[in-house]
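A.B. asks: Structure below; questions to follow.
The values are calculated or read from the model by the stated rules, or taken from the named source; none is laboratory data. Predicted model only: the values in this text are computed from it and were never measured. Cβ coordinates were reconstructed from backbone atoms using ideal geometry, including for glycine residues, and neighbour counts include every protein chain displayed.
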Amino acid sequence: MNLCLLVRYATVSMWLCVSCALSGGAPANEKDGKIGLPGMPAVLETNDAYAADRPGMLNSTVKNFPARIYVPNSRSNTVDVIDPATYKIIDHFDVGRLPQHVTPSYNMKSLWVLNDVGNSLTRIDPATGKKQETIPVEDPYNMYYTPDGKYAVVVAERLGRLDFRNPKTLALEHSLTVKGCRGIDHMDFSLDGRFLIASCEFASAIAKVDVAEQKVLGIMSIHPRGMPQDVKMSPDGRVFYVADMMANGVHLIDGINFKYLGLMKTGKGAHGLYASRDSRVLYVSNRGEGSITVIDFATRGISKKWRLPGGGSPDMGGVSADGKVLWLSGRYDSEVYAISTTDGKLLARIPVGKEPHGLCVYPQPGRYSLGHTGVFR
């Protein structure tokens with residue numbers, strides 16, 4: 001089916017033709033009378049994807065893990081481990097070349113350092129915080145898990161594909177080349193787990209992929225000169241927010257009907273997206289101007305903006321288990337920021353290795369991990 005979507009920007013109006021195969025206009029969790037991807041844990045609340053992520057809701061798997069911040073330093077080929085109680089580095093170890101993100105496994109028992117150029121994953125035991133084995137995996141820029149836990153999805157950005165791998169052995173089972181999505185790198189899953197929305201950094205586009213059938217449903221251009229980054233779904237599953245470094249804001253996408261809803265200007269170099277523990281707001285890290293914008297999920301409007309004193313380059317990270325601190329890497333300043341979610345106050349600025357990227361706050365609440373630096377449901 002060919003759809004022509006009229007997309008209106010503040011100063012530019014243009015027609016974008018999108019060729020795609022869509023599953024229809026009804027919410028996918030109503031498809032065939034079933035709720036959720038087969039094998040996926042039941043949705044706790046149909047209007048809140050993050051209902052299991054409340055402060056202190058640590059499950060039995062992770063409740064005794066020490067609280068740590070794991071920082072991959074891309075240009076140092078190292079990981080720094082920070083104690084969040086003292087803001088001090090308590091461990092440091094070498095990993096493979098260009099570590100990009102630290103990703104919790106689906107069962108939450110392991111953390112994986114994604115060594116992109118090193119073509120390998122290094123496991124961390126979060127019970128001890130110590131480095132374990134390293135295994136070969138091709139081009140692991142990013143990694144996610146399907147909501148049913150059946151596959152680890154390695155985002156091979158350089159190769160332009162999604163590699164569906166065995167979540168335990170990481171053996172390759174199926175490789176999906178996503179044509180028209182140059183620079184595929186970040187994504188999030190629908191509330192029912194049936195599809196995912198991925199950003200195409202170098203194509204100024206997004207992709208929609210059927211999870212069960214592992215096939216591309218559509219590619220949509222979203223900005224004449226965009227560079228989309230992180231993707232995060234609203235708690236009710238109706239909107240996908242896509243950060244865009246060149247558009248300096250966040251695109252709103254109707255994922256079910258695959259329609260463009262608009263652009264919200266948040267700040268220069270909008271990059272990372274993180275939901276609050278109460279599912280009320282979305283934190284946007286604006287890497288190009290050293291600020292964090294807070295978006296209200298209910299109104300889809302900006303409620304406040306925090307600026308880092310002295311500037312900085314806030315990138316990727318996560319929210320503390322109690323919801324009180326937003327932890328972000330300072331990509332081009334070799335530092336990590338701890339920011340109060342109450343008032344935006346900078347609590348600490350911690351020197352780390354060169355070009356820290358997708359740091360992981362661990363442990364976190366949730367029943368299972370969808371990957372990246374910590375997306376839990």
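A.B. asks: Find the residue count for region 119-131, including only residues that are surrounded by fewer than 17 Cβ atoms within 10 Å (Cβ to Cβ) and in contact with a Gly (Cβ under 8 Å, 6 or more places away or on another chain).
C.D. replies: Residues in region 119-131 being surrounded by fewer than 17 Cβ atoms within 10 Å (Cβ to Cβ) and in contact with a Gly (Cβ under 8 Å, 6 or more places away or on another chain): 1 in total.
A.B. asks: Count, please, the residues in region 287-332 that happen to be more than 24 Å from G56 (Cβ to Cβ) and assigned to a loop (DSSP other than H, G, I, E, B).
C.D. replies: Residues flagged as more than 24 Å from G56 (Cβ to Cβ) and assigned to a loop (DSSP other than H, G, I, E, B) within region 287-332 amount to 14.
A.B. asks: Next question. Scan region 169-187 and tell me whether some residue there is in contact with a Phe, Trp or Tyr (Cβ under 8 Å, 6 or more places away or on another chain) and surrounded by 24 or more Cβ atoms within 10 Å (Cβ to Cβ).
C.D. replies: yes
A.B. asks: If only one of V361, V325, V375 is over 26 Å from V154 (Cα atoms) and crowded, with 18+ Cβ neighbours inside 10 Å, which one is it?
C.D. replies: V325
A.B. asks: Which of the following residues is more than 30 Å from M40 (Cα to Cα) and either crowded, with 24+ Cβ neighbours inside 10 Å or touching a His at 6+ places or on another chain (Cβ under 8 Å) (or both): I256, I222?
C.D. replies: I222
A.B. asks: Same structure, new question: Give region 198-227 a look and list any residue that's in contact (Cβ under 8 Å) with a residue 40 or more places away in the chain, among the charged types (D, E, K, R) and part of a loop (DSSP other than H, G, I, E, B), or say none.
C.D. replies: E201
A.B. asks: Name the one entry in S313, S285, S276, S320 that is at pLDDT 95 or above, under 17 Å from the mean Cα position of the chain (by Cα), buried (at least 24 other Cβ atoms within 10 Å of the Cβ) and of a type in the set (G, A, S).
C.D. replies: Answer to the check: S285.
A.B. asks: Related question: Strands (runs of 3 or more DSSP E) wholly in region 21-118 with at least 3 residues that are surrounded by fewer than 18 Cβ atoms within 10 Å (Cβ to Cβ), modelled with pLDDT of 95 or more and more than 20 Å from the chain's Cα centre (by Cα) - which ones?
C.D. replies: 88-94
A.B. asks: Okay, next question. How many residues are in a loop (DSSP other than H, G, I, E, B) and in contact (Cβ under 8 Å) with a residue 12 or more places away in the chain if we restrict to region 165-197?
C.D. replies: 14
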